[in-house]
Amino acid sequence: MSAPSPDAVIESVAELLAHALELEYASKAHYEQLADSMNVHHNTAVADLFCSFATLSADHAAAVAARAGDTDLPRIPPWGFKWLCPDAPEGGDCLDPALSYGMSTVQALEVALHNERRSRAYYAHCAASAALPEARRLAADMAAEAAEHIALLEQMLADERRRHRDTPDDLDPPHVPA
Amino acid sequence: MHEPSDQSLEAASPPRPSGKPQAQRGKQAQPTPPAREPSARQPSPRHRASIPSLRAQIYKSHIKPVWCPGCGHFGVLAALTKTLAHLELPPERVAVVSGIGCSSRLPAYLAVHGFHGLHGRALPLAAGLKSARPELTVIVAGGDGDGFSIGGNHFLHACRRNQDLTYIVMDNEVYGMTKGQASPTTQPDWCRSKLTPQGTGIRRFQPAAIALAAGASFIARGFAGAPAGLTRLLAAAIEHPGFAFVHVLSPCRTFRPEQQHWKQQVHPCELEPAQDLAQAAALMQRDDGMALGILFRQRIPVYAAGVAPITEQALRQIAAHSGALAEIEAELCR
């Protein structure tokens, strides 16, 4: 039940695929949770955006599943994944200071971009460190895909920043004494 | 008490967003994410076993958490669902009991048996449930106010009773649901509440040390911002035979924003889990309250695995005394 050491490397293609699937499903769960949270707080524009990200994560997961085919994947305990960060790179950080019920679409895109960059960094790390050449090649492909997503998100973010120069006011701030 | 629904992995993903129309905040237009060709290929059943985040979904209910975005309790919810999936506990064999408070909403967000009880009374409720239904995995959840103040007495006796329960306390050092008052674990000089403008001036409750003194057989501390480690602790706690206390540092974004620094302050426990009281007491003396891991674990007899069935002999004794009891009753009830 021991956690992997920080310098643990991916040993096989099957192990990399297991990590990729967990990454995408953790991402889907995180964005769904954020969408729910924004809906509860009536921030529907951001909720819809997070919902779209969840759908994209599901699509990416399906693509990884198709790649995995009939490969036998290792069963890894939740704490046994060899991430570079505390949890799956796109699984998000529940304590992310950017998260707020009044967050804007710009801030939501920044959260997604941050997650995607962590994902690329993770795959790039695997591409450089995985034990087998085949796993390194697959990780490099995945890093390239993540780079494409980053480029798209950066473009969306630039467009959105042009449209919304200002962060919306918090219409219902919590009562906290100064 | 709500019951788990019979749902498949597919059914566990609700349609999103909900159909109820809601007001637009800030009237923002939604940017359109890049369209991708969705693949029809889904993970095969044997692949599902390798994806903890997918398996965790069956333990989530369709009720949307009302916690503030950025709340640590989301991390506890995620860790708990992954733990239940990892342990392969069928939802109908798990019950989560809570008291009152932000963290006590947890049972509503889980697709297992749930009981949202009275303030501070989650532990006696759970003790009753476990006695009556020993085959259930009973998990108790709540916050620092619910567990250490209103329910403080129950906490002490649950520790010494050592019934087979897992108690998760999400400690954010504040009463969040009632808008930010000092709790038993709040620092004495915290003065951001109008009720305590000069701070409470009272020394903090030390949950782990008090659990040890009260006789708990498993004491651990986790952090909501370290979900993998927390999942591991929860799995160990649920598997521990006896009362397992998991103290989770779970920051409150709204009323204790300074707790964001906990990420930099938490650290692994330097020592191996203590096995005996003397070793544990030494560890507690050095504890700065931010050490994560299993602090103490000891195998001691577990309180009655359930309510023992009444034996024939006991029935005969009851019958033999029924006359005497009737006399006493008649005398006292004149």
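A short reminder: the numbers here are calculations on the coordinates, not readings from a lab. The model shown is predicted, which means the values in this text are computed figures rather than measured ones. With ideal geometry, Cβ positions are generated from the backbone for all residues, glycine too; neighbour counts draw on all protein chains shown.
When you scan segment A:56-73, do you find a residue that is in contact with a Gly (Cβ under 7 Å, 6 or more places away or on another chain) and surrounded by 22 or more Cβ atoms within 10 Å (Cβ to Cβ), even just one? So far as segment A:56-73 goes, no, none of its residues is in contact with a Gly (Cβ under 7 Å, 6 or more places away or on another chain) and surrounded by 22 or more Cβ atoms within 10 Å (Cβ to Cβ). Number of residues in segment B:199-243 that are surrounded by fewer than 24 Cβ atoms within 10 Å (Cβ to Cβ), within 14 Å of chain A (Cβ to nearest Cβ), over 25 Å from B:Gln187 (Cα atoms) and out of contact with any strand residue (DSSP E or B) (no Cβ under 7 Å at 6 or more places or on another chain): the value is 3.
Is one or more of the residues making up segment B:125-142 touching a residue at least 12 places away in the same chain (Cβ under 8 Å), touching a strand residue (DSSP E or B) at 6+ places or on another chain (Cβ under 7 Å) and among the polar types (S, T, N, Q)? Yes, segment B:125-142 contains a residue that is touching a residue at least 12 places away in the same chain (Cβ under 8 Å), touching a strand residue (DSSP E or B) at 6+ places or on another chain (Cβ under 7 Å) and among the polar types (S, T, N, Q). Applying the condition of being assigned to a loop (DSSP other than H, G, I, E, B) and away from chain B (no Cβ under 11 Å) to segment A:83-117 and asking which residue is farthest from A:Ser52 (Cα to Cα) yields A:Leu84. Of the listed requirements (1) basic (Lys, Arg); (2) surrounded by 18 or more Cβ atoms within 10 Å (Cβ to Cβ); (3) within 8 Å of chain B (Cβ to nearest Cβ), A:Arg120 misses just one: (3).
Whether a residue is touching a Pro at 6+ places or on another chain (Cβ under 9 Å), in contact (Cβ under 8 Å) with a residue 40 or more places away in the chain, more than 25 Å from B:Gly152 (Cα to Cα) and surrounded by 23 or more Cβ atoms within 10 Å (Cβ to Cβ) was assessed, and B:Ala78 passes this test. Checked against the criteria, B:Gly151 does not count as crowded, with 24+ Cβ neighbours inside 10 Å, at positive phi and in contact with a helix residue (DSSP H, G or I) (Cβ under 9 Å, 6 or more places away or on another chain). Of A:Ala35, A:Ala8, A:Ala14, A:Ala29, which residue is more than 7 Å from every other protein chain (Cβ to nearest Cβ), hydrophobic (A, V, I, L, M, F, W, C) and not in a loop (DSSP other than H, G, I, E, B)? Only one candidate qualifies: A:Ala14.
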